[in-house]
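Notes follow the structure.
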Amino acid sequence: MGLFDAIKKAFDAGGIKVGLEVPKSFQWSDESIPVTVTLTGHKTEPRTVTALAFKLEEDDDDDRGTGRPGSRISTGSGGSLKYTRTETIELQPLQVVTVEVSIPLKPDAAITKEAGWVGKAVDAIAILGTIRFNSQWYELSVHTTVEGAAASKGTSKRIRNGDVSFSASFSIG
(Lines give C-alpha, C1' and ligand atoms only; values in the text may rest on other atoms or scores of the structure.)
Protein backbone atom coordinates (compact mmCIF):
# COMPACT_ATOMS: atom_id res chain seq x y z
CA MET A 1 0.00 0.00 0.00
CA GLY A 2 1.46 3.32 -1.06
CA LEU A 3 1.32 6.61 0.81
CA PHE A 4 -1.60 7.87 -1.32
CA ASP A 5 -3.60 4.70 -0.56
CA ALA A 6 -2.93 5.08 3.18
CA ILE A 7 -4.10 8.70 3.14
CA LYS A 8 -7.18 7.80 1.11
CA LYS A 9 -8.08 4.96 3.52
CA ALA A 10 -7.80 7.30 6.54
CA PHE A 11 -10.47 9.55 5.04
CA ASP A 12 -12.68 6.75 3.68
CA ALA A 13 -16.30 7.32 4.79
CA GLY A 14 -17.65 4.26 3.00
CA GLY A 15 -18.52 5.95 -0.28
CA ILE A 16 -22.15 6.55 0.69
CA LYS A 17 -24.24 9.71 0.58
CA VAL A 18 -26.23 11.02 3.55
CA GLY A 19 -29.21 13.38 3.37
CA LEU A 20 -31.16 14.91 6.25
CA GLU A 21 -34.65 16.38 6.37
CA VAL A 22 -35.66 18.29 9.51
CA PRO A 23 -38.65 20.45 10.42
CA LYS A 24 -38.14 24.21 10.17
CA SER A 25 -38.48 24.59 13.93
CA PHE A 26 -38.88 22.71 17.17
CA GLN A 27 -39.81 23.51 20.77
CA TRP A 28 -38.15 22.14 23.88
CA SER A 29 -41.63 21.23 25.13
CA ASP A 30 -41.89 18.69 22.25
CA GLU A 31 -41.15 15.05 23.07
CA SER A 32 -38.84 14.70 20.08
CA ILE A 33 -37.72 16.10 16.74
CA PRO A 34 -38.90 13.95 13.80
CA VAL A 35 -36.24 13.66 11.08
CA THR A 36 -35.73 11.67 7.91
CA VAL A 37 -32.27 10.37 7.00
CA THR A 38 -31.68 9.35 3.38
CA LEU A 39 -28.79 6.98 2.71
CA THR A 40 -27.51 6.26 -0.80
CA GLY A 41 -25.24 3.27 -1.34
CA HIS A 42 -21.75 3.17 -2.81
CA LYS A 43 -21.45 3.21 -6.62
CA THR A 44 -20.32 -0.39 -7.03
CA GLU A 45 -20.10 -2.19 -3.66
CA PRO A 46 -22.57 -3.05 -0.90
CA ARG A 47 -22.13 -1.20 2.41
CA THR A 48 -23.42 -1.75 5.93
CA VAL A 49 -24.36 1.22 8.13
CA THR A 50 -24.32 0.25 11.81
CA ALA A 51 -25.24 3.51 13.55
CA LEU A 52 -26.68 6.98 13.06
CA ALA A 53 -25.23 9.53 15.50
CA PHE A 54 -27.20 12.76 15.93
CA LYS A 55 -26.05 15.98 17.54
CA LEU A 56 -28.20 19.04 18.28
CA GLU A 57 -25.90 21.96 18.92
CA GLU A 58 -26.41 25.64 19.57
CA ASP A 59 -25.65 27.72 16.49
CA ASP A 60 -24.42 31.14 17.55
CA ASP A 61 -24.20 32.54 14.04
CA ASP A 62 -27.49 34.45 13.75
CA ASP A 63 -26.13 36.77 11.03
CA ARG A 64 -26.19 34.19 8.25
CA GLY A 65 -29.35 35.30 6.55
CA THR A 66 -30.24 32.77 3.90
CA GLY A 67 -26.68 31.92 2.89
CA ARG A 68 -24.16 29.89 4.82
CA PRO A 69 -20.76 31.59 5.09
CA GLY A 70 -17.54 29.65 4.98
CA SER A 71 -16.85 29.96 8.69
CA ARG A 72 -19.01 29.53 11.73
CA ILE A 73 -19.09 32.09 14.52
CA SER A 74 -19.09 30.55 17.98
CA THR A 75 -19.00 32.14 21.39
CA GLY A 76 -17.92 28.89 22.96
CA SER A 77 -20.84 29.01 25.38
CA GLY A 78 -22.96 26.42 23.58
CA GLY A 79 -23.75 22.87 24.51
CA SER A 80 -25.11 19.90 22.66
CA LEU A 81 -27.56 17.05 22.88
CA LYS A 82 -26.39 13.72 21.46
CA TYR A 83 -28.43 10.72 20.42
CA THR A 84 -27.22 7.54 18.71
CA ARG A 85 -29.48 5.05 16.99
CA THR A 86 -27.79 1.68 16.57
CA GLU A 87 -29.29 -0.14 13.62
CA THR A 88 -27.91 -2.34 10.85
CA ILE A 89 -28.82 -1.00 7.42
CA GLU A 90 -27.65 -3.00 4.41
CA LEU A 91 -27.12 -0.78 1.35
CA GLN A 92 -26.76 -2.34 -2.09
CA PRO A 93 -24.89 -0.35 -4.76
CA LEU A 94 -26.74 2.94 -5.41
CA GLN A 95 -29.70 1.79 -3.30
CA VAL A 96 -31.59 4.61 -1.56
CA VAL A 97 -32.94 3.92 1.94
CA THR A 98 -34.89 6.39 4.07
CA VAL A 99 -34.97 6.07 7.84
CA GLU A 100 -37.48 7.92 10.03
CA VAL A 101 -36.03 8.85 13.42
CA SER A 102 -37.48 10.69 16.41
CA ILE A 103 -34.68 12.42 18.30
CA PRO A 104 -35.75 12.56 21.96
CA LEU A 105 -35.64 15.95 23.65
CA LYS A 106 -36.46 14.63 27.14
CA PRO A 107 -35.23 11.74 29.25
CA ASP A 108 -37.41 8.67 28.74
CA ALA A 109 -40.04 8.41 31.47
CA ALA A 110 -39.64 4.63 31.37
CA ILE A 111 -36.14 4.77 32.86
CA THR A 112 -37.61 5.35 36.32
CA LYS A 113 -39.22 1.88 36.10
CA GLU A 114 -35.98 0.07 35.39
CA ALA A 115 -33.33 -1.09 37.84
CA GLY A 116 -30.60 1.46 38.21
CA TRP A 117 -32.89 4.33 37.27
CA VAL A 118 -30.91 6.92 39.25
CA GLY A 119 -27.77 6.44 37.17
CA LYS A 120 -29.75 6.40 33.94
CA ALA A 121 -31.61 9.57 34.93
CA VAL A 122 -28.33 11.33 35.69
CA ASP A 123 -26.94 10.19 32.33
CA ALA A 124 -30.07 11.38 30.51
CA ILE A 125 -29.90 14.79 32.17
CA ALA A 126 -26.15 15.04 31.51
CA ILE A 127 -26.85 14.60 27.77
CA LEU A 128 -28.15 18.14 27.74
CA GLY A 129 -24.78 19.48 28.85
CA THR A 130 -24.76 23.26 28.85
CA ILE A 131 -27.44 23.89 26.25
CA ARG A 132 -29.13 27.22 26.75
CA PHE A 133 -32.76 26.54 26.05
CA ASN A 134 -33.30 30.10 24.85
CA SER A 135 -30.93 30.01 21.87
CA GLN A 136 -32.68 30.96 18.66
CA TRP A 137 -30.90 28.62 16.24
CA TYR A 138 -29.51 25.11 16.49
CA GLU A 139 -27.65 22.86 14.09
CA LEU A 140 -28.80 19.26 13.85
CA SER A 141 -26.25 16.88 12.37
CA VAL A 142 -26.16 13.17 11.62
CA HIS A 143 -23.07 11.04 11.08
CA THR A 144 -23.02 7.42 9.99
CA THR A 145 -20.84 4.54 11.07
CA VAL A 146 -20.08 2.35 8.04
CA GLU A 147 -18.47 -1.07 8.50
CA GLY A 148 -14.89 -1.04 7.25
CA ALA A 149 -14.73 2.75 6.85
CA ALA A 150 -12.27 4.77 8.91
CA ALA A 151 -14.13 8.09 8.74
CA SER A 152 -17.74 9.11 9.31
CA LYS A 153 -20.03 10.48 6.60
CA GLY A 154 -22.52 13.11 7.69
CA THR A 155 -24.51 16.22 7.02
CA SER A 156 -26.32 18.93 9.01
CA LYS A 157 -29.22 21.38 8.88
CA ARG A 158 -30.16 24.49 10.81
CA ILE A 159 -33.33 24.39 12.88
CA ARG A 160 -35.05 27.22 14.71
CA ASN A 161 -36.04 27.05 18.37
CA GLY A 162 -39.74 28.00 18.37
CA ASP A 163 -39.71 28.57 22.15
CA VAL A 164 -37.65 31.74 21.84
CA SER A 165 -39.67 34.91 21.97
CA PHE A 166 -38.26 38.35 21.65
CA SER A 167 -39.35 40.98 24.12
CA ALA A 168 -38.04 44.31 25.21
CA SER A 169 -38.47 46.07 28.50
CA PHE A 170 -37.77 49.63 29.43
CA SER A 171 -38.59 52.06 32.17
CA ILE A 172 -39.49 55.70 32.08
CA GLY A 173 -37.59 57.46 34.77
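Brief remarks follow.
- Output for segment 28-63, where each listed residue is open to solvent by 20 Å² or more (accessible area, probe 1.4 Å), within 17 Å of residue 83 (Cβ to Cβ) and of a type outside the set (Asp, Glu): 28, 32, 34, 36, 50, 53, 55
- Only one of 98, 66 that is at pLDDT 85 or above and of a type in the set (Ser, Thr, Tyr): 98
The values are calculated or read from the model by the stated rules, or taken from the named source; none is laboratory data. This one's a predicted model, so the numbers in the text were calculated from it and none came from an experiment. Neighbour counts run over all protein chains shown; Cβ positions are idealised from the backbone, glycine included. Ligands, DNA and RNA are stripped out before the accessible areas are found, and what is left, the full protein with its side chains, is counted by its heavy atoms. Shrake-Rupley method; radii C 1.70, N 1.55, O 1.52, S 1.80 Å.
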